[in-house]
Amino acid sequence: MSNLAFYITRFLSGGLLAVLLCAGQVSHAHGPTPHGSGANAQGTPAPAPAQQDEAPDPLANRFGGKFSLIDHSGQRVTNETYRGRYMLIYFGFTNCVDLCPVDLAVMVQALQLTAKATAEKIQPLFITVDPDVDTPAILAKYVANLHPNLIGLTGTVAEVEATARAYRVQRHKILHTSSNGHPYIIDHGTLMFLMGPDGKFVTLFPHNSTPEKIAENLNRYVK
Ligand code: NI
């Protein structure tokens, strides 16, 4: 590798790291104001990890890993359950009145805009960060109103915490009443993750990504 190529590579890696570190801080609880400040304002997804013929991207291993949860039909599922399919993952909770409904609507629109054959290879997952409230039955009702393929996942607090930790999703319970009368709010990360058929990180979509941009990248990365 030439010196120039080396420095360009270093620059790009640094840029990706900056985007990821910024994006990782995006979370929500108090309405639109606090988000976005650290986010990628253009909604541009982070670049995908390096191709196989390039040096492995260490950042690709920072998101994801094993999980064991219960799906909205009450079945025990793990990361292995979805092996062979791409996973499009968003964390949130059904009482969220802030950005979850927006981000999930964006996810649904993106799937509708994605080529049909491509979309069929993607398993959209909504993982609750509020397992005390979000039982399989509550999740079943919630996801049914969004997309026929969307699966809601819950579990014990420990199982959900372990999953959120694997995906580096922040989760903070804030004890004041939300605008729908729910006694608390859970501030949580709003990144949407695309994981490959091998379960490994492919790319992510920060909050403010447009459905068009997400669909464009799903068509690009899902093979
Ligand atoms: Ni939310």
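A short reminder: the numbers here are calculations on the coordinates, not readings from a lab. All values derive from a computational prediction rather than experimental measurement. Neighbour counts are summed over all protein chains in view; Cβ atoms, including those assigned to glycine, are modelled from backbone coordinates with ideal geometry.
On a full-extension model of 0.36 nm per residue, what is the gain between Ala162 and Thr210, subtracting their alpha-carbon distance, rounded to one decimal in nm? The partial results should precede the final answer.
On the way: separation 48, 0.36 × 48 = 17.28 nm, distance 2.90 nm.
So the extension gain works out to 14.4 nm.
Which entries of Lys66/Lys223; Lys200/Lys223; Lys141/Lys213; Lys141/Lys223; Lys173/Lys213; Lys141/Lys173 show an alpha-carbon separation above 25 angstrom in the structure shown?
Where the Cα-Cα span goes over 25 Å, the pairs concerned are Lys141/Lys213; Lys141/Lys223; Lys173/Lys213.
Among rounded, prolate and oblate, which fits the stretch 161-223 when a ≥ b ≥ c are the square roots of the eigenvalues of its C-alpha gyration tensor, a/c under 1.5 means rounded, and a/b larger than b/c means prolate?
It is oblate, given that a/c is not under 1.5 and a/b is not larger than b/c.
State, to one decimal in nm, how far the label point of Arg76 lies from the label point of Ser179, with both points 7 Å from Cα in the Cβ direction.
Distance between label points: 4.1 nm.
Hey, what's the Cα Rg ratio for the stretch 100-153 versus the globular rule of thumb, 2.2 N^0.38 Å?
1.16
So for Thr156, Thr203, fewest C-beta neighbours within 10 Å to most, what's the order? If you can, show how the numbers build up before the last one.
Details: Thr156 13, Thr203 21.
With the fewest neighbours first, Thr156, Thr203 line up as Thr156, Thr203.
Counting other C-beta atoms within 10 Å, which of Lys223, Lys121, Lys66 has the fewest, and how do the rest follow?
On the way: Lys223 8, Lys121 15, Lys66 11.
Going from sparsest to densest Cβ surroundings: Lys223, Lys66, Lys121.
Calculate one ³J(HN,Hα) per residue across the stretch 124-131 by plugging θ = phi - 60° into the Karplus curve 6.51 cos²θ - 1.76 cosθ + 1.60, and present them in order as whole Hz with x for glycine and proline.
Per-residue couplings from phi come out as x, 10, 10, 9, 6, 9, 10, x Hz.
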